[in-house]
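Notes follow once the structure below has been shown.
Only the coordinates and a few stated rules stand behind these numbers; no lab work does. Note that this is a predicted model, so its numbers are computed, not measured. Quick reminder, even Gly has a Cβ in these numbers, built from the backbone with ideal geometry, and neighbours come from all protein chains shown.
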Amino acid sequence: MSAAPALPPEALEPGQLRRALGSFAAGVTVVTTQLDGQLVGTTVSAFSALSLDPPLVLACLKRDSRTLAAVRQTAAFCVNILCAEQGELAHAFAKSGCDDRFALTAVEAGVTGAPLLAGCATHIECDLHAVHDGGDHEILVGRVLRVVVDEAKTPLVYVRGRFLT
């Protein structure tokens, strides 16, 4: 079987790429931090483990994200891995300008001061280790300081535009 010829990057339609990437199932997270007492956070599906030694993870945030700006200033964040029952929370944190999203769940401060959302499958608390260019996103690399895992919770998964529960 021979491969189809590659299209030049400018011929690739954004919708086509979005549909292709949507075929890859991804966990759903909310990246949070706090800046001057204000809680900020955004839904992120572009999250991955990076290294076990040293313990590093990465999350990709849009360049215009308020959360990204706050993480750059505080140099700390928490990756809240949502559980299967938290689809509504994922939607709330995905909306721009939704100021009451933190009212939807209980919150406690983690070791860095970043908010930990109640009911999550996992919390991964990080110091900001590095930031890299990622096109229309920036890639945050976090050095993991503490993890809390609730083995009884099933993580929320997103694929082809919907949550799998």
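What the table shows:
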| item | result |
| --- | --- |
| Within a Gaussian network of the chain (alpha carbon springs, distance under 10 Å), most fluctuating of Leu128, Leu50, Leu140 | Leu50 |
| Asp64-Val149 FRET efficiency (beta carbon distance; Förster radius 41 Å; 0.05 resolution) | 0.80 |
| Most positive-pole-ward Cα, Val31, Ser96, Cys78, against dipole of the chain from beta carbon charges | Ser96 |
| The chain: relative contact order as a whole-number percent, Cα under 8 Å and 6+ apart | 27 |
| Calculated from backbone phi, Karplus (6.51, -1.76, 1.60) coupling profile of the range 62-67 in Hz, x at Gly/Pro | 4, 4, 8, 6, 4, 5 |
| Relative contact order (%) - criterion: Cα under 8 Å, at least six apart; region: the range 81-165 | 32 |
| Helix-derived mean residue ellipticity, 222 nm - over the chain, DSSP H n ≥ 4, -39500 (n - 2.57), to 500 | -4000 deg cm²/dmol |
| Residue order, fewest to most beta carbons within 10 Å, for Glu151, Glu125, Glu88 | Glu151, Glu88, Glu125 |
| Label of the coordinate-derived value, Cα extents along the principal axes in Å, listed as (1) 50, 34, 29; (2) 56, 29, 24; (3) 53, 36, 33 | (3) |
| Residue-by-residue Karplus 3J(HN,Hα) for the range 11-18, coefficients 6.51, -1.76, 1.60, Hz, glycine and proline x | 8, 7, 7, x, x, 5, 5, 4 |
| Sorted by Cβ neighbour density within 10 Å, fewest at the top, the residues Arg143, Arg19 | Arg19, Arg143 |
| GNM top mover of Val131, Val144, Val71 - the chain, alpha-carbon springs below 10 Å | Val131 |
| Nonlocal amide H pairs with Thr122, under 5 Å, H built at 1.01 Å | Ile81, Asp150 |
| Residues in the range 118-160 reached by a label modelled at Arg19 [backbone nitrogen below 15 Å; 7 Å Cα→Cβ] | 160 |
| Overall form of the range 23-75 per C-alpha gyration tensor (a/c, 1.5; a/b vs b/c) | oblate |
| Point-charge dipole on Cβ atoms (K/R +1, D/E -1) for the range 39-165, about Cα centre, debye to 20 | 240 |
